[in-house]
Structure formats: structure tokens, C-alpha cells
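Student: One structure coming up, written as C-alpha cells, with questions to follow.
The values are calculated or read from the model by the stated rules, or taken from the named source; none is laboratory data. Keep in mind it's a predicted model, so treat the numbers as computed, not measured. Cβ placement follows ideal geometry from the backbone for every residue including glycine, while neighbour counts extend to all protein chains displayed. All accessible areas refer to the heavy atoms of the entire protein, side chains included, with ligands and DNA or RNA removed. Shrake-Rupley method; radii C 1.70, N 1.55, O 1.52, S 1.80 Å.
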Amino acid sequence: MDWMKIFSALLIILMLVYIVPRAKGMLKNSPKASNNDMVAALIPLLLVIGFVFLLIKSV
């Protein structure tokens with residue numbers, strides 16, 4: 001291993017140490033989603049999936 005790989009691995013570990021506790025706090029303090037929120041998120045997702053499917057089929 002050269003020094004660049006070691007430095008990259010160390011940087012990734014430090015980023016995870018910094019990000020994971022903050023992500024846990026965000027999940028703990030976030031508002032709970034209702035069924036209407038889930039449907040509102042699902043509709044655009046399905047539209048994008050359908051559009052990509054049509055693009056793939058047209059080739």
C-alpha cells in the first residue's frame with residue numbers, strides 16, 4: 001500500500017466517525033412521516049422509474 005491509499009482510508013474512517021453520530025441524532029429528532037407523505041414521495045419516484053424504463057425500451 002502506498003501512502004495515498006493509507007491516507008484515503010484514514011480520511012474515510014474519520015468522515016464516518018464524524019457523520020454517524022450526527023446522522024443518528026437527525027434520525028432521532030426528525031418528524032415522523034404519515035401515509036400522505038409516503039404517497040407524495042412514491043409518485044415522483046414511480047414517474048422517474050417509468051420514464052427510465054421507456055427510455056431503455058426505445059433504444
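Student: Report whether or not Ile49 is open to solvent by less than 100 Å² (accessible area, probe 1.4 Å) and under 16 Å from the mean Cα position of the chain (by Cα).
Tutor: no
Student: Could you check the stretch 30-39 and list, in sequence order, the residues that are over 18 Å from the mean Cα position of the chain (by Cα) and part of a helix (DSSP H, G or I)?
Tutor: Asn35, Asn36, Val39
Student: Scan the stretch 20-41 residue by residue and report those that are open to solvent by 90 Å² or more (accessible area, probe 1.4 Å) and aliphatic (A, V, I, L, M).
Tutor: Listed by number, the residues that qualify are Met26, Leu27, Met38.
Student: Consider only pairs whose beta carbons are under 8 Å apart and that are at least six residues apart or on different chains; among these, list those whose first residue lies in the stretch 35-55 and is free of Cβ contacts under 8 Å to residues at least 12 places away in the same chain and whose second residue is open to solvent by 100 Å² or more (accessible area, probe 1.4 Å).
Tutor: none
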